[in-house]
1. Do we find a residue being among the β-branched types (Val, Ile, Thr), touching a residue at least 40 places away in the same chain (Cβ under 8 Å) and more than 23 Å from Asp18 (Cα to Cα) anywhere in the range 155-175?
2. State whether one or more residues within the range 107-118 are farther than 16 Å from Leu59 by Cα and either among the aromatic types (Phe, Trp, Tyr) or at pLDDT below 95 (or both).
3. Report the residue count in the range 130-167 for those that are under 26 Å from the mean Cα position of the chain (by Cα) and over 19 Å from Ala61 (Cβ atoms).
4. Confirm whether His64 is of a type outside the set (Phe, Trp, Tyr), modelled with pLDDT of 95 or more and touching a helix residue (DSSP H, G or I) at 6+ places or on another chain (Cβ under 8 Å).
5. Which pairs do you get when a residue that is farther than 14 Å from Lys11 by Cβ and without any contact (Cβ under 8 Å) to a residue 40 or more places away in the chain, found in the range 177-193, comes within reach of a residue that is surrounded by 11 or more Cβ atoms within 10 Å (Cβ to Cβ) and not charged (D, E, K, R), reach meaning Cβ atoms under 6 angstrom, with the pair 6+ apart or on two chains?
6. Check whether at least one residue in the range 94-110 is farther than 19 Å from Phe151 by Cα and touching a Ser or Thr at 6+ places or on another chain (Cβ under 8 Å), and report yes or no.
7. Within the range 145-163, is there a residue that is surrounded by 12 or more Cβ atoms within 10 Å (Cβ to Cβ) and on the phi > 0 side of the Ramachandran plot?
8. Examine the range 186-193 for a residue that is in a helix (DSSP H, G or I), under 25 Å from Thr95 (Cβ atoms), modelled with pLDDT of 90 or more and among the basic types (Lys, Arg), and state whether such a residue exists.
Amino acid sequence: MSSDKPQDYEKVSMYNLDDEGREELLSTAIECIFNWCTKDEWPMGVVMSCLWHDGRMWLTAGGHRHRISAVRRNPQVSVVVTSTGTVLGPGKSVTIKGRCKIHEDQKTKDWFYPAFASHTSISPDPNAAKAFEEMLDSPIRVVLEVVPEKFITYDGIKMVKHTAGVLDESELGPLSESDTQRLERELEKRGLS
């Protein structure tokens, strides 16, 4: 239902995750959407298993995958993580804008494979992580390291509480430029300011 008057709910950047919440979500996530740009400039993304380690997002794939060629051409990528399906419950997300480094050295693989297999294993079998680690160890496999340059976060629980009038205003983050300047320009353009 549309109205002639813009609503405050258009402003959502204030519902951000604090640094602790962001770290909790990234450390908990075992799956993400990894996004890159193709040669013909189309954005693409796939679901991948992931490991947040030392302030970086780590992933792996075979060196023959299209995304690896794309990252070699243009290391600018993004990673999207959501809390849906985790112990944190739904409604939280983190988007990382960053640059991707491709590692093929044994030193990186030696720490990464055990940590990644242990973190992403969903099997109750205690030997499953070790079996997965061994499967990963392929001569054509590469390790991806996404170095964050910017985070965009969202906490839907804050929005629900704020809308219900039960959120302490101190929990709100600052409004981004998109919810201040860009929103005002859009309202003006539509004759709604």
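The values are calculated or read from the model by the stated rules, or taken from the named source; none is laboratory data. Everything numeric here is computed off the predicted structure, so don't read it as measured data. Methodologically, a virtual Cβ is constructed for each residue, glycine included, from the backbone with ideal geometry; neighbour enumeration extends over all protein chains shown.
1. Going residue by residue through the range 155-175, those that are among the β-branched types (Val, Ile, Thr) are 157, 160, 163, 166.
From the residues that got through so far, the ones that are touching a residue at least 40 places away in the same chain (Cβ under 8 Å) too are 157, 160, 163.
In the following step, the residues that additionally are more than 23 Å from Asp18 (Cα to Cα) were identified as none.
Looking through the range 155-175, none of the residues is among the β-branched types (Val, Ile, Thr), touching a residue at least 40 places away in the same chain (Cβ under 8 Å) and more than 23 Å from Asp18 (Cα to Cα).
2. Step one: of the range 107-118, the residues farther than 16 Å from Leu59 by Cα are none.
Scanning the range 107-118 turns up no residue that is farther than 16 Å from Leu59 by Cα and either among the aromatic types (Phe, Trp, Tyr) or at pLDDT below 95 (or both).
3. Here is the first cut: in the range 130-167, the residues under 26 Å from the mean Cα position of the chain (by Cα) are 132-133, 135-137, 140-163, 167.
After this cut, where a residue has to be over 19 Å from Ala61 (Cβ atoms) as well, the list is 148-163, 167.
So the answer is 17.
4. It is false that His64 is of a type outside the set (Phe, Trp, Tyr), modelled with pLDDT of 95 or more and touching a helix residue (DSSP H, G or I) at 6+ places or on another chain (Cβ under 8 Å).
5. Ser193/Leu187
6. Pass one, the range 94-110, residues farther than 19 Å from Phe151 by Cα: 102-110.
Right, trim to touching a Ser or Thr at 6+ places or on another chain (Cβ under 8 Å) and you get none.
No: the range 94-110 contains no residue that is farther than 19 Å from Phe151 by Cα and touching a Ser or Thr at 6+ places or on another chain (Cβ under 8 Å).
7. Checked against the condition, which is being surrounded by 12 or more Cβ atoms within 10 Å (Cβ to Cβ) and on the phi > 0 side of the Ramachandran plot, the range 145-163 yields no hits at all.
8. no
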